[in-house]
Amino acid sequence: MRAARFLAATTWGAALAVLVASCVRLPAGAGSSLEQLFVWGALLVETFRVPAVLATTIGVFGSVLFSGLRRRVPYITLVCAAVVMGWGVPPLVPTGVPEHPEPDEELVVYALNLMYGTGEAGLMLAEAERVGADVLVLSEFTPEFERDADALIRARYPFAHGCARDDGFGLMIYSRLPFEGPAQIPAISWETPQPRVRLTVGTRVVEVWGVHLQSPGRPWIVTKQREEVERMAADLRAVLDTPPEASGIDAVVIAGDFNAPWRTGHLRELRRVRGVHEAHDALAWGAGSTWPHVEYGGATGLMMAAFGETANIRLDHVVVSPGAVALETGVGQDTRSDHLGVWARVGVFGRDTDAGPEGGP
């Protein structure tokens, strides 16, 4: 009976955490320690949706097994489990891409966090070749990795823009296609580099934005992360509000390590931009997990391995704006990093058609 109560209490706690996390709508600038703690807790609960569902399932079956269906505890546990399942399962189901005309051109983008430059360039390039990548977005790009691998990468991707750094926020974009006009590194916050390049893809012009948001390892950092997302969303809205004839931009693709799953409150402002979709969320079933890749994830990877790598989380994304659509996507294989790479084949048709209503919640 004690085991049943313990398992039931675990399930009730998960349900309560879900309800609290779902209600958190504090602004990005929430400043008090208590507000930051609530926002941080909500992000953690939303981030670990799939492990929460698995833990809840174990709690339900364990409680039922130990105490039987005729007792009150399992019935309450089943109700709590339904709450968790109703919240945790939908992100595993693809939402579908927005309605769109037939694309004129295609671009394949591959993004990988190099784990402070320890990722192996040869394996990464093999992955990029396997998916036919035109553009590479490499985060945690260090001076040592640049010294050892830049020439090898440029032999296949000769155009590069970004910044190598020792603090985990080096970010580099490599491309087979030449850049159009000056590449940019806009100041988002904390002076972390977020390179943006403009490419001519056949008859269309596409901007590719590399991104590596703050890692929310502390409550106070979460507010910085949300500020970065809001600034990025504002920049994207500014592009989309300008007619393509004036901006010269048909579409934007944003790729990299967002340090949060797509369907969390912390990426809400980006999701709400009209017509924007994330490739895996729109097209693929399952969690599409990218971190921690258990062989290289240290203690966290070993802990998560207890549920299997499918219970890990997706922190890396390819986000597509109006004027383009994700056609195919996938998660890469081992490159000696704690992250797995992500890639998407993007069809581009331009922003001369209506992007539809404002984005989702």
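Every number in this text was worked out from the coordinates using simple rules, so none of it is lab data. Bear in mind the structure is a predicted one, so any value in this text is a computation, not a measurement. No Cβ is skipped: glycine too gets one built from the backbone with ideal geometry, and neighbour counts run over all protein chains shown.
Using the crude model of +1 on Lys and Arg Cβ and -1 on Asp and Glu Cβ, and no other charge, please compute the dipole size for segment 140-281 relative to its Cα centre, in debye to 20. Numbers along the way, then the final one.
Numbers: 18 positive and 21 negative charges, 74 e Å.
Dipole of segment 140-281, to the nearest 20 debye: 360 debye.
Under the √(5λ) rule applied to the eigenvalues of the Cα gyration tensor, what semi-axes describe the equivalent ellipsoid of segment 154-261? Give them in Å, descending. Provide the component values of the computation, followed by the final result.
Working: eigenvalues 127, 68, 20 Å².
Computed over segment 154-261, the values are 25, 18, 10 Å.
Out of Asn113, Gln184, Met124, whose Cα points farthest toward the positive end of the dipole of segment 107-209 (charges: +1 Lys, Arg; -1 Asp, Glu; placed on Cβ)? Going by the Cα projections, it comes out as Gln184. Determine, at each q value in 0.12, 0.14, 0.19, 0.20 (inverse angstroms), the log₁₀ of I(q)/I(0) that the Debye formula gives when each Cα of segment 92-242 is one equal point scatterer. Debye output, listed in q order: -0.57, -0.78, -1.29, -1.36.
What order do you get for 91-103, 125-137, 215-227 when each peptide is scored by the mean count of other beta carbon atoms within 10 Å, highest first? Walk me through the intermediate numbers first.
Numbers: 91-103: 14.5, 125-137: 20.8, 215-227: 18.6.
Packing order, densest peptide first, comes out as 125-137, 215-227, 91-103.
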